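K.L.:
One structure is given below, represented as structure tokens, and several questions about it will come after.
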Amino acid sequence: MVKPNVTMLQNLVSGVEQVAPLQHVSLMQGYKVYGAHLGPFKTPARESDAGVPGAEFNASQQRWLSAQQQGKAWHWSALRPGVVGSDRPGNSMNLALSLAIYASICHAEALPLRFPGSLETWHSLVDFTDAELLADATLWAAEAAEVHNQAFNINNGDLWRWSELWPVIADWFGLDIAPPVSLSLQQLFHDYRQTWHELAAARTLVQPDILALSDGRFADFVFGWRYDMFGDGSKIRQAGFHHFRATDTMLCDLFARFRAARIIP
């Protein structure tokens, strides 16, 4: 994944430099920079942590961008969010929507909401990033001159274990919970594709094809983390960005937005 991603960035930046006065480049990264996709890693992850050996396109893009910026009038920033929560459908990495679909299926089938991961994941720590908070942080990093050419973790500012967060999700949907069971949401969404089609027709939902909303693969990836997944968000707040968001409130607000938009019943 390194060569095509770095090449895209090179073509974009070099092309813009030739035709317009470039001001800022915002790299959207993630905890892969810290090796989070490889297995257990040092937490809390900090921007000062040493790099991880091996091919990783986020780090490669940042190295190229930093070298390209030398002696130029423009500047860059790199933002590293946790699991991003958004009310926008069409993003396969929107965990909040996958959760809402899963809970809606359980409600329609009169089933308890079981955590679909291992006991290790059930007790692990995870952080989240509200999409609007991430947008605000991206603008702040681009406009605050004293923080240019730096990387920042950006998260909501709180930490949760799934064992604590799961009852909040179940309560919002009016569901009981039952002990965790390892299952694939990708398989589940395929299995309930016809059920969702019928549910959409009965409740006038905007998208009758569950797989057009989420294929479940990213959710399976997240629920497969058998280790803590969080970064230290103090650097960006010490530098002047003081926004925060309560993750339980964020998820409940997103569920309400999905329902208001008739994405879920």
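K.L.:
Please tell me the relative contact order of the chain in percent, rounded to the nearest whole number, where contacts are Cα pairs under 8 Å and at least six residues apart.
P.N.:
That works out to 26 percent.
K.L.:
Calculate what fraction, in whole %, of the accessible area of the stretch 166-209 sits on carbon and sulfur atoms when a 1.4 Å probe is rolled over the protein chains.
P.N.:
After summing per-atom areas, the C and S share lands at 50 percent.
K.L.:
To continue, here is another question. Amide H of G85 versus every other amide H placed in the peptide plane: which residues, excluding those fewer than 5 positions away on the same chain, fall under 5 Å?
P.N.:
HN-HN under 5 Å from G85: T129, D130, A131.
K.L.:
Quick one: length gained pulling F244 to A135 fully straight, 0.36 nm per residue minus the C-alpha distance?
P.N.:
Going from the current span to full extension adds 38.0 nm.
K.L.:
Here's something else I'd like to know. L113's amide H: which non-local residues (gap 5+, or another chain) put their own amide H closer than 5 Å, with H modeled 1.01 Å from N in plane and none for Pro or chain starts?
P.N.:
For L113, whose amide H was placed from the backbone, the distant partners under 5 Å are D176, I177, A178.
K.L.:
Using the beta-carbon distance between N5 and A110 and R0 = 51 Å, what value does 1/(1 + (r/R0)^6) give for FRET efficiency, to the nearest 0.05?
P.N.:
0.70
K.L.:
If you don't mind, another one. Hey, what's the Kirkwood Rh for the stretch 139-265 if you take every pair of different alpha carbons, in angstrom?
P.N.:
17.7
K.L.:
Probe radius 1.4 Å, ligands and nucleic acids ignored: give me the carbon and sulfur share of the accessible area of the stretch 2-105 as a rounded percent.
P.N.:
56
K.L.:
Now a separate question. Excluding E164 itself, calculate the net charge of residues whose Cβ lies under 15 Å from the Cβ of E164, where each Lys or Arg counts +1 and each Asp or Glu counts -1.
P.N.:
Charge balance in the 15 Å sphere: -4.
K.L.:
Computed from the mean reciprocal separation of all distinct C-alpha pairs, what Kirkwood hydrodynamic radius does the stretch 44-142 have, in Å?
P.N.:
Final number for the Kirkwood radius of the stretch 44-142 is 17.2 Å.
K.L.:
If you don't mind, there's one more thing I want to ask. Percent of Cα-Cα pairs more than 14 Å apart in the stretch 15-65, please.
P.N.:
Here the long-distance tail beyond 14 Å is 59 percent of all Cα pairs in the stretch 15-65.
K.L.:
While we're looking at this one, here's another question. Set the Förster radius R0 to 45 Å, insert the Cβ-Cβ distance between A145 and A178 as r into 1/(1 + (r/R0)^6), and round the FRET efficiency to 0.05.
P.N.:
0.25
K.L.:
Could you give the accessible area per residue of the stretch 128-265, probe 1.4 Å, as a whole number in Å²?
P.N.:
Result: 47 Å² of accessible area for each residue.
K.L.:
Next question, about the same structure. If you work out Kirkwood radius over Cα pairs in Å from the coordinates, which of (i) 18.8; (ii) 20.8; (iii) 19.9 do you get?
P.N.:
Answer by label: (iii).
K.L.:
Would you calculate the volume per residue, in Å³, of the smallest convex hull containing every Cα atom of the stretch 157-215?
P.N.:
Taking the convex hull of the Cα positions in the stretch 157-215, it is 141 Å³ per residue.
K.L.:
Here's a follow-up. Can you work out the Karplus-derived ³J(HN,Hα) for every residue in the stretch 211-225? Use 6.51 cos²θ - 1.76 cosθ + 1.60 with θ = phi - 60°, whole Hz, and x for glycine or proline.
P.N.:
6, 6, 8, 7, 8, x, 5, 5, 4, 4, 4, 5, 6, x, 6
The values are calculated or read from the model by the stated rules, or taken from the named source; none is laboratory data. Everything numeric in this text was worked out from a predicted model, so none of it was measured. Quick reminder, even Gly has a Cβ in these numbers, built from the backbone with ideal geometry, and neighbours come from all protein chains shown. Surface accessibility is based on the protein's heavy atoms, side chains included, excluding ligands, DNA and RNA. Shrake-Rupley method; radii C 1.70, N 1.55, O 1.52, S 1.80 Å.
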